Every structure is written in C-alpha cells, then in structure tokens.
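Engineer: Before I ask anything, let me first share the structure, which is written out below as structure tokens.
The values are calculated or read from the model by the stated rules, or taken from the named source; none is laboratory data. From a predicted model like this one, the values you see are computed outputs, not experimental measurements. Cβ coordinates were reconstructed from backbone atoms using ideal geometry, including for glycine residues, and neighbour counts include every protein chain displayed.
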C-alpha cells in the first residue's frame with residue numbers, strides 16, 4: 001500500500017510544519033492545497049518536501065475533494081493544517097501498509113486542544129473521524145462547513161486506537177470570529193438543500209445544544225473552557241438558524 005497525505009491549509013503556516021512532520025514516516029507523497037495564503041505556508045510546505053498546489057477557496061468539501069483528485073495513490077490520509085497524528089496512529093498505519101487486504105476505511109478519535117487545554121468532555125470529546133480511506137470507496141460530503149467522509153453503501157470503517165491531534169483555537173476571540181463565518185456558510189448550505197428555519201428552531205435548538213454538550217456530555221468537567229465551548233457552539237446554532245430564516249425571507 002502507498003499513501004497520499006492531503007493537507008488543506010487556511011493561512012496557518014505555524015501549523016503546517018507540525019502537520020507534515022507528523023506524517024513523514026507513513027506518507028509516500030504529501031499534497032498541500034493552499035488557498036493563496038499570504039504568509040509562508042507554501043514555502044514551508046515546499047521546503048518539507050510537499051507538493052504544493054494553490055486554489056482560491058471553493059468551500060471545505062470542494063477543497064478537500066480537489067486535493068484528493070491530485071493524489072497518485074488510492075489510500076488517502078486527509079488532514080487540515082491545524083492537525084497532526086500521534087505516534088500510536090503512525091505505528092498503526094505503518095502496520096496497515098504491510099497488509100495484503102487492508103480495510104477500505106479507518107476511523108480514529110480526534111483529540112481537540114482549545115486555548116492550550118486538551119478537551120476531555122463535552123461534544124468535542126467524542127470526535128470520531130474517518131480520515132484514512134481508499135478514495136475508490138469514499139469521498140468528502142456532508143454540508144459545509146461541517147464536512148465528513150461519505151463511504152459507499154456497505155463499507156464499514158475499522159476503528160484505530162491512535163489519535164488525530166487538533167489545535168482548534170488559540171483564543172476565545174478566534175473561536176468567536178469563526179463561528180460567525182461558519183454559521184453563515186452553514187445557513188447558505190442549508191438553504192441550497194431546501195432546509196427550513198423557524199422561530200422554534202432559532203430559540204430552542206441552541207438551548208438544547210448547550211444543555212446536551214455542557215450537562216449531558218459533561219462539558220462542565222473541562223472547567224472554564226468546557227463552558228465557553230458549549231456556549232459558543234450553541235451560539236453558532238442560533239446564528240445559523242437566524243441567518244437561514246433571513247435568507248428564506250429574501251428569496
């Protein structure tokens with residue numbers, strides 16, 4: 001088995017080196033798709049041996065599928081520039097590469113770091129992702145900006161023990177800024193899919209999300225940041241349905 005690692009960058013040169021270094025032991029090629037970042041992302045990736053392509057940002061799903069289309073090998077490990085893989089996952093993938101009949105897809109936990117603190121509870125603690133897969137049996141889908149790998153019918157991923165490490169936000173202000181952009185992207189995607197909003201969804205969906213994440217999923221055990229994550233996630237849900245209702249009214 002040979003593996004193409006695809007990495008999507010979002011103007012994050014400070015992370016691209018860490019990301020590429022983490023996959024060196026398992027990658028047969030590293031493809032970086034950069035959306036014309038204004039920092040040193042492209043030059044850092046080039047210096048580390050990656051094949052760098054540039055494309056104005058088309059959308060999360062679109063960028064990731066475009067990166068896959070540039071891969072020379074069937075098996076893909078797909079990452080964002082603010083992610084890396086841990087040593088356990090490296091060892092597991094090395095072992096998988098020697099198998100004569102590997103699975104068509106593999107799932108792993110993503111461990112999230114928020115403002116310097118690793119998050120162990122709440123919705124972010126059960127963050128299972130399919131990121132290692134045969135591109136003949138899966139592709140990026142879902143709804144922007146919350147993309148996911150969609151596998152062909154009947155394909156079930158095997159679960160790995162290793163982790164994808166995700167440095168999500170370095171500050172609460174950064175998170176606040178992104179939820180506003182993500183809410184607008186999600187509202188537009190919902191509109192395109194014919195999904196509807198309502199006063200009920202605007203009021204009660206964020207309340208339910210906060211209660212679920214902070215209480216039922218024990219987000220409060222992560223202290224201050226557990227509360228902040230639950231609150232801002234609920235706010236993103238509120239903004240998404242509010243914007244969707246406005247878009248519906250302006251049709």
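Engineer: Suppose we keep only residues that are within 14 Å of residue 82 (Cβ to Cβ) and without any contact (Cβ under 8 Å) to a residue 60 or more places away in the chain within segment 125-171. Which one would you say is surrounded by the fewest Cβ atoms within 10 Å (Cβ to Cβ)?
Structural biologist: Within segment 125-171, the match that is surrounded by the fewest Cβ atoms within 10 Å (Cβ to Cβ) is 171.
Quick grid of which residues meet (1) touching a helix residue (DSSP H, G or I) at 6+ places or on another chain (Cβ under 6 Å); (2) assigned by TED's automatic domain parsing to the domain that holds residue 209; (3) closer than 30 Å to residue 232 by Cα:
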{"position": "59", "(1), (2), (3)": "no, no, yes"}
{"position": "68", "(1), (2), (3)": "no, no, no"}
{"position": "76", "(1), (2), (3)": "yes, no, no"}
{"position": "87", "(1), (2), (3)": "no, no, no"}
{"position": "96", "(1), (2), (3)": "no, no, no"}
{"position": "114", "(1), (2), (3)": "yes, no, yes"}
{"position": "117", "(1), (2), (3)": "yes, no, yes"}
{"position": "121", "(1), (2), (3)": "yes, no, yes"}
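Engineer: Taking segment 93-124, which residues are crowded, with 20+ Cβ neighbours inside 10 Å and either assigned to a helix (DSSP H, G or I) or without any contact (Cβ under 8 Å) to a residue 24 or more places away in the chain (or both)?
Structural biologist: 93, 124
Engineer: Same structure again: Being touching a helix residue (DSSP H, G or I) at 6+ places or on another chain (Cβ under 7 Å) and over 17 Å from residue 147 (Cβ atoms), is that true of even one residue in segment 100-110? Outline the logic, then answer.
Structural biologist: Keep residues of segment 100-110 that are touching a helix residue (DSSP H, G or I) at 6+ places or on another chain (Cβ under 7 Å), which gives 102, 108.
Pick out the ones that are also over 17 Å from residue 147 (Cβ atoms) and you get 102.
Within segment 100-110 (the criterion being touching a helix residue (DSSP H, G or I) at 6+ places or on another chain (Cβ under 7 Å) and over 17 Å from residue 147 (Cβ atoms)), the answer is yes, since at least one residue qualifies.
Engineer: Of the residues 31, 26, 44, 16, only one is in a loop (DSSP other than H, G, I, E, B), buried (at least 16 other Cβ atoms within 10 Å of the Cβ) and either outside the structural domain of residue 75 (by TED's automatic domain parsing) or in contact with a helix residue (DSSP H, G or I) (Cβ under 6 Å, 6 or more places away or on another chain) (or both); which? I'd like the intermediate steps shown before the answer.
Structural biologist: Numbers: 31 fails: in a loop (DSSP other than H, G, I, E, B); 44 fails: in a loop (DSSP other than H, G, I, E, B); 16 fails: in a loop (DSSP other than H, G, I, E, B).
Criteria check complete, one pass: 26.
Engineer: While we're here: Criterion first (more than 20 Å from the chain's Cα centre (by Cα), at pLDDT 95 or above and more than 28 Å from residue 77 (Cα to Cα)) does residue 232 satisfy it? I'd like the intermediate steps shown before the answer.
Structural biologist: Values: more than 20 Å from the chain's Cα centre (by Cα): no; at pLDDT 95 or above: yes; more than 28 Å from residue 77 (Cα to Cα): yes.
Criteria not met by residue 232.
Engineer: For segment 174-190, does any single residue satisfy the condition of being in a helix (DSSP H, G or I), surrounded by 17 or more Cβ atoms within 10 Å (Cβ to Cβ) and more than 21 Å from the chain's Cα centre (by Cα)?
Structural biologist: no
Engineer: Filtering segment 48-89 down to residues that are within 14 Å of the chain's Cα centre (by Cα) and assigned to a loop (DSSP other than H, G, I, E, B), which residue is farthest from residue 102 (Cα to Cα)?
Structural biologist: 59
Engineer: Would segment 214-222 turn up any residue that is in contact (Cβ under 8 Å) with a residue 24 or more places away in the chain and outside any helix (DSSP H, G or I)? Please lay out each step first, then the result.
Structural biologist: Residues of segment 214-222 in contact (Cβ under 8 Å) with a residue 24 or more places away in the chain: 214, 217-222.
If we keep only those that are outside any helix (DSSP H, G or I) too, we end up with 217-218.
Checking segment 214-222: at least one residue is in contact (Cβ under 8 Å) with a residue 24 or more places away in the chain and outside any helix (DSSP H, G or I).
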